[in-house]
Amino acid sequence: MFLTKDEERMLAGGKGPAVQKAMRLLVALGDVLGADRLIPIESAQIAGVSYGNIGDAGMELLEDWAEQGARIKVKSTLNPAGMDLERWREMGVDEEYHARQLRIIRAFERMGAEITCTCTPYLVGNAPKRGAHIAWSESSAVGYANSVLGAKTNREGGPSALAAAVTGRTPHYGLHMEENRKPTAVVEVKARIVTTYDFSLLGYTVGRILGSGIPLLIGVPRADSDRLKIMSAALAASGGIAMFRVKGTTPEAGGLKTEGLERLCVDQRELEITRERLSADGEPDLACIGCPHCSAKEMRNLARILKGRRVGRGKGLWIWTSKGIYNLSKREGYVSAIEGAGGKVFTDTCMVVCPLEKSGYKHMVSNSCKAAHYVPSTSGLKASVTDLHNAVNKVLEGQ
Ligand code: F3S
């Protein structure tokens, strides 16, 4: 792989041990993946923040990097942590876990990361320009950045995104190259797709059937950013899909060549198979909304749905969002409307990366297929999917 003089200096240790370690990681990765060079990046989004995910070994590794002088060079935001950084007690998180999670946050802080802790950085100030090269690691954000924002990123691991943030560079391969961003399959959608839940079901179904590649979806109504973000998350959860196109919605999708591509059809029956696979028997006692983290519009919608309603005894309604959207929603009165009805709005974390089993609830329902895909394995709760209104209704009084 070709390196500039400056990059060779970094690799030789001329800019300190932390930069050298980061450069070694990127060069090894680039060599394995066939990159011809490193390219500068505009921003990074770093996963591997939850103590529950990375444990003591990951925490100590981050502290070592910070101690060795690793300093972040480009705008860099963090994926959700393993707890709400302020209201962790209300989630059932214990002192030990809290202390370790804070050590992780402090290590990132020392390195210069923005402590955003969200999977929707593009809603709170880390929205790359179209065509920008970036190094992001959260799978739903990667899909959204490539497909909706038109930025270019591979799906980075936590360490490679951090190394990219520290050096300001990433290996040039995969989705950074224009020739690898063309559709590989055409998906004709013959199902009724309206709500965010429909888009989540569709994304999960396409990922389940296709597995990988870049689908071009046709026959899908024009979608807003909330629908596209929930679909990005689902496509990456059931498959390894880091980029998609939707004719009439995403950039360039109208003019793309489709001759010779694999073709498949997704109908209502396929969506029903997905719903069945992601839905356990029994009645949910916890509704979780916000996978990916809620936008301000979704917070407003929840506040409206909950007007004059009340969460039932022994039930929970937990809403997940970023600190930035929380602050805005608080000013607008959405948070007080949700919490006045007995719900809770948590920030900095989510139902998948926090120890949800500590909540005491047994069965989560969500409008997000990604949440229902992961929750049973990450916390042992049962999971189900349904649309937003149904999910919320299941935990309200008198239902
Ligand atoms: Fe975000 Fe957590 Fe879902 S990181 S996409 S809310 S699993």
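The values are calculated or read from the model by the stated rules, or taken from the named source; none is laboratory data. For clarity, every value in this text was computed on a predicted model and none was experimentally measured. As a convention, Cβ positions derive from the backbone with ideal geometry for all residues, glycine included, and neighbour counts pool all protein chains shown. Side chains included, ligands, DNA and RNA excluded: accessible areas come from the protein's heavy atoms. Shrake-Rupley method; radii C 1.70, N 1.55, O 1.52, S 1.80 Å.
For the reader, a short list of remarks on this structure follows.
- Scanning segment 333-353 for residues that are open to solvent by less than 10 Å² (accessible area, probe 1.4 Å), within 16 Å of the ligand (Cβ to nearest atom), in a loop (DSSP other than H, G, I, E, B) and of a type outside the set (Val, Ile, Thr) yields a count of 2.
- Qualifying residue in segment 110-121 (condition: in a helix (DSSP H, G or I) and out of contact with any strand residue (DSSP E or B) (no Cβ under 7 Å at 6 or more places or on another chain)): yes
- Residue that is surrounded by the fewest Cβ atoms within 10 Å (Cβ to Cβ), among those in segment 147-156 that are away from the ligand (no atom under 15 Å from the Cβ) and of a type outside the set (Ser, Thr, Tyr): Gly150
- Evaluation of Gly125 against the conditions (1) more than 12 Å from the ligand (Cβ to nearest atom); (2) surrounded by 21 or more Cβ atoms within 10 Å (Cβ to Cβ); (3) in a loop (DSSP other than H, G, I, E, B) shows that the sole unmet condition is (2).
- Residue in segment 176-188 that is away from the ligand (no atom under 16 Å from the Cβ), over 26 Å from Ser295 (Cβ atoms) and touching a Phe, Trp or Tyr at 6+ places or on another chain (Cβ under 6 Å) present: no
Conditions tested, residue by residue: (1) within 19 Å of Ser366 (Cα to Cα); (2) of a type in the set (Val, Ile, Thr); (3) open to solvent by 10 Å² or more (accessible area, probe 1.4 Å).
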| position | (1), (2), (3) |
| --- | --- |
| Met231 | yes, no, no |
| Val246 | no, yes, no |
| Thr258 | no, yes, yes |
| Arg263 | no, no, yes |
